[in-house]
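One structure is given here, and the rest of the page talks about it.
The values are calculated or read from the model by the stated rules, or taken from the named source; none is laboratory data. As the structure is a prediction and not an experimental result, all values here were calculated from the model. Glycine also receives a Cβ, built like all others from the backbone with ideal geometry; neighbour counts cover every protein chain displayed. Heavy atoms of the whole protein, side chains included, go into the accessibility calculation; ligands, DNA and RNA do not. Shrake-Rupley method; radii C 1.70, N 1.55, O 1.52, S 1.80 Å.
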Amino acid sequence: MHTPSPVIANTASIQQAVALLRQGRLVAFPTETVYGLGADARNPDAIRRIFAAKGRPADHPLIVHIPSPENLADWAATIPDSARQLARQFWPGPLALILSKRPDVPLEVTGGQQTIALRVPNHPVALQLLQAFGGGIAAPSANRFCRISPTQAAHVAEELGDTVELILDGGACTVGVESTIVDLTGVRPRLLRPGQITREELEAVLNTELVLPETLKHSKTELRAPGMMAVHYAPLTPALRCRPEQLPDIIQELTAAHKKIGLLTYQTAIAEKQITQEMRLPNQADAYAQGLYTALRKLDQLHLDIIVVEQPPDSEAWRAVNDRLNKATLAY
Ligand code: TXA
Ligand code: MG
C-alpha cells in the first residue's frame with residue numbers, strides 16, 4: 001500500500017470515511033486542536049490498529065470522540081453534575097472529560113482502565129463524520145508515539161505513511177495544541193493536561209479549585225497519561241529553551257561553535273546574521289499555540305544542529321504552550 005494523499009473533506013469523502021470506519025479501518029480527520037487518527041471505538045481490532053500505526057504502548061488510553069453531549073450516557077457509567085456543566089459550557093470544544101466507563105466499553109480503548117476520556121470536538125468535518133458514523137470514534141493525535149502532533153493534513157501523511165487508509169483534509173487546526181483534559185472520577189476535579197480552555201475558565205464553571213498537574217507529579221496518574229511524560233511532542237533535532245535575556249549569549253556561543261541554529265522566538269529580535277533559520281510566533285498565547293507545532297516541524301526538517309526556543313512567560317495564559325515546550329525541549 002502507498003501513503004494516501006489527503007482528500008478534501010466533503011460529503012462524498014466523509015461517506016467513504018464512514019464506510020472504512022465500519023470495516024474497522026483507520027481514518028485521519030481534522031479537529032480544532034490537532035488531527036486525530038480515528039477508529040470505531042466499539043471495535044477492539046480497529047483499536048489495536050491505532051496502537052500499531054502509532055507505535056504506542058497498548059496501556060495508554062485513547063480519547064473517544066462523540067457527536068453530542070447526549071451520547072455521554074452511551075459510554076459513561078455515571079455522569080456527575082460537573083460533567084454536565086462542563087459539557088454545556090465547552091462542548092463542542094477542546095475539552096476531554098475523564099469519567100467512569102460503562103462495562104460494555106472495550107478495555108482496549110481505555111488502555112485497561114475503568115475510566116474513559118470523552119470529547120465532542122468543535123470542527124465541522126469532525127462533527128459531520130461523527131454524525132454520519134453515528135457512534136464513538138477513538139482518536140489519538142495522528143502522529144507516531146512521542147512525536148509532534150499534526151496540525152495539517154500533510155503532517156499526517158508524513159507521520160503515518162500507509163498505516164492510515166484515508167486522510168480527510170479540513171485545513172489547518174485553529175487551536176493547534178491538544179485538548180484540555182479534566183478527570184472527574186475523583187473527589188476533586190483534576191487537570192491532567194492543560195489546553196486552550198484554561199484553569200480559570202474551568203474553575204468558574206465548576207465553582208471549585210482544580211487539582212493541578214504539578215501536585216500530581218509523582219502519583220500514578222502521571223503514568224496513565226502519556227501526554228504528561230517528560231519527553232513528548234518532541235522534534236528529533238536537539239532543542240533548547242531559554243529565557244529571552246539569555247538568547248544573545250547562547251546564540252553567540254553556538255555561532256562561535258559553527259552550529260546551524262534554528263531559532264523560535266515570540267518577542268525578541270535577534271540581529272545575528274549567522275542564524276540559519278529564524279521563526280517568529282505571535283506574542284499572544286492562543287495565536288502562538290496555533291502555530292507552534294507547524295513551526296517545530298518546519299525547523300525539525302531543516303537538518304539543523306540545534307533548535308533554540310525563546311521561553312514564554314510563566315503565566316496561566318501560557319500554561320498549555322509551556323507544558324508542550326517543556327516536553328519538547330531541554331532547559332538551558
Ligand atoms: O485534542 C485532542 O485531545 C486530540 C484530538 C485528536 O482530539 N487527541 C489527543 O489524543 O490528544 P492523545 O491520545 O494523543 O492524547 C490523549 C490523552 C493521553 O495523554 C491519555 O493518556 C489521556 O488522554 N487519557 C485518555 N483516557 C484517559 C483515562 N481514562 N485516564 C487518564 N488519561 C486518559
Ligand atoms: Mg498525542
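Worth a mention:
- Per-region count, region 305-328, residues within 15 Å of PRO238 (Cβ to Cβ) and surrounded by 21 or more Cβ atoms within 10 Å (Cβ to Cβ): 5
- Meets criteria (crowded, with 20+ Cβ neighbours inside 10 Å and farther than 18 Å from PRO92 by Cα) for LEU130: no
- Residue in region 223-238 that is at pLDDT 90 or above, touching a Leu at 6+ places or on another chain (Cβ under 9 Å) and away from ligand 2 (no atom under 16 Å from the Cβ) present: yes
- Residue count for region 247-294, restricted to those that are more than 23 Å from THR151 (Cβ to Cβ), open to solvent by less than 50 Å² (accessible area, probe 1.4 Å) and either among the polar types (S, T, N, Q) or touching a Cys at 6+ places or on another chain (Cβ under 7 Å) (or both): 3.
Every residue, every condition in (1) without any contact (Cβ under 8 Å) to a residue 40 or more places away in the chain; (2) touching a helix residue (DSSP H, G or I) at 6+ places or on another chain (Cβ under 7 Å); (3) of a type outside the set (S, T, N, Q), yes or no:
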position	(1), (2), (3)
GLU245	yes, no, yes
THR255	yes, no, no
GLY262	no, yes, yes
THR265	no, no, no
ILE270	yes, yes, yes
GLN274	yes, yes, no
PRO282	yes, yes, yes
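- Residues that are under 27 Å from GLY161 (Cα atoms), in a loop (DSSP other than H, G, I, E, B) and near ligand 1 (Cβ under 8 Å from one of its atoms), drawn from region 91-142: PRO94, THR110, GLY111, PRO121, ALA139, PRO140, ALA142
- Flag for ASP45 being under 20 Å from PHE145 (Cα atoms) and not β-branched (Val, Ile, Thr): yes
- Residue check, ASP169 within 10 Å of ligand 1 (Cβ to nearest atom) and in contact (Cβ under 8 Å) with a residue 12 or more places away in the chain: no
- Selected residue (criterion: surrounded by the most Cβ atoms within 10 Å (Cβ to Cβ)) from residues of region 5-57 that are part of a loop (DSSP other than H, G, I, E, B), in contact with a Leu (Cβ under 8 Å, 6 or more places away or on another chain) and among the small types (Gly, Ala, Ser): ALA41
- Yes/no for ALA142 being of a type in the set (A, V, I, L, M, F, W, C), assigned by TED's automatic domain parsing to the domain that holds LEU97 and under 10 Å from the mean Cα position of the chain (by Cα): yes
- Qualifying residue in region 288-297 (condition: of a type outside the set (Ser, Thr, Tyr), part of a helix (DSSP H, G or I) and more than 27 Å from the chain's Cα centre (by Cα)): no
- Among the residues listed as ALA96, ALA87, ALA83, the single one being buried (at least 16 other Cβ atoms within 10 Å of the Cβ) and touching a Ser or Thr at 6+ places or on another chain (Cβ under 8 Å): ALA96
- Selection from region 104-116 of residues that are open to solvent by 10 Å² or more (accessible area, probe 1.4 Å) and within 16 Å of ligand 2 (Cβ to nearest atom): GLY111
- The set of residues from region 176-192 being aliphatic (A, V, I, L, M), in a loop (DSSP other than H, G, I, E, B) and more than 14 Å from ligand 2 (Cβ to nearest atom) comprises LEU184, VAL187.
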